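The values are calculated or read from the model by the stated rules, or taken from the named source; none is laboratory data. Worth saying up front: this structure is predicted, and the values here are computed from it rather than measured. Here the Cβ positions follow ideal geometry from the backbone for every residue, glycine too, while neighbour counts run over all protein chains shown.
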Amino acid sequence: MPDPREPAELVTAAAEDDRTAWDELEARYGPRMWAVARASGLSPSDAADAVQGAWLRLLQNLHTLRDPAKVGGWLMTTVRREAHAFLRKRHDVSPLDQDVLSLEAVDEPDPASAVLEADGRRLLWKQVSALHEPCRTIIQLVAIDLGNRQMAARLGMPVGSVGPTKARCLEKLRTLISSQETAQ
Amino acid sequence: MINDEYFLAALRLAAGNDPIPSHVSAAARDVYGLRVPRAVTAAPAARTSAGSDVRDPDGCHLMRFVTDGLTFDLEVTVGDGLIDVAGQVWPHPGDDAVIDVKTPHLTLTRHIAHNGDFAATGLPPGWLSVVCHRPGRAPVQTRWVRIRP
């Protein structure tokens, strides 16, 4: 099986009519773009629009990306901007023209979304596995969006204790991850 | 420090919860079919002091897109869940030029009147772009804009 192509190679190939390169870009970055859109607070249907919008932006910028090697960061920043534009529109905070005008120059990577990358996710899950109970189980249940009542039943604790315990465990995990990032 | 929402999103992603729906992936792959080779992109520009996309009193979007030598003025109306586009391209791109009004699901081709006017009706809401094809010259395409009721 051939080595996966580098991001810059994929961008160049897609710009030169190679559909398989586009499909590879989608397979590599699509799931993370979805996670960024959802993490920005969009509903599933708005997230779908935001992700599609980011791909449309890439299509129009295939030849003009400043650094094709950083296409992943470019896509994450673009989908986040689309998501924020949707949210502004929903809350009627700013005129529509800002949505289209704010899409210039998004070549810079999005540091916050690094945690959503495969390596970041592996590190995160490793840290979760290293937590003591009940934090390990609580975080695993948070990850599958289990409600406080069901969580209380699973853990055999009062419903009123779940929220504060969950907050403490998340804080502990966040501190672990941040200290790991600082050490790197 | 990691932002809360990203942190929770990463946990869900790591757990395989909230995966990207297959129709979203399919739509992203289909985007490639919308490519207009060699197209020059017309960027949003201020049509009035109010900006590049303003709404008139009837709720109609008034947008302007500009590139070297070609300007698109678009009036986009949303009614009954569908989009109508009335536009003008200037200076006139030539008698053989045509306009494509594109959405991810539908492209309508229109001839351009002597005064540069064109129109397309009954488009689905969502992403929209207009392309001017000029024989012997690179096509000009507006940036994609999202139109929702």
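Tabulated values for the structure
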| read-out | value |
| --- | --- |
| Among (1) at pLDDT 75 or above; (2) facing another protein chain (nearest Cβ under 9 Å); (3) out of contact with any helix residue (DSSP H, G or I) (no Cβ under 8 Å at 6 or more places or on another chain), the one test that residue A:85 misses | (3) |
| Top-ranked residue in region A:37-48 [being modelled with pLDDT of 85 or more and among the aliphatic types (A, V, I, L, M); ranked as nearest to residue A:80 (Cα to Cα)] | A:37 |
| Residue within region B:64-86 that is of a type in the set (A, V, I, L, M), out of contact with any Leu (no Cβ under 7 Å at 6 or more places or on another chain) and without any contact (Cβ under 8 Å) to a residue 40 or more places away in the chain present | yes |
| Region A:29-60, subset without any contact (Cβ under 8 Å) to a residue 12 or more places away in the chain and more than 8 Å from every other protein chain (Cβ to nearest Cβ), residue surrounded by the fewest Cβ atoms within 10 Å (Cβ to Cβ) | A:45 |
| Qualifying residue in region A:11-23 (condition: surrounded by 19 or more Cβ atoms within 10 Å (Cβ to Cβ), modelled with pLDDT of 85 or more and within 21 Å of the chain's Cα centre (by Cα)) | yes |
| Hits in region B:45-74 (condition: in contact with an Asp or Glu (Cβ under 8 Å, 6 or more places away or on another chain) and at pLDDT 85 or above) | B:62, B:63, B:64 |
| Output for region B:90-137, where each listed residue is hydroxyl-bearing (Ser, Thr, Tyr), closer than 19 Å to residue B:61 by Cβ and part of a strand (DSSP E or B) | B:121, B:129 |
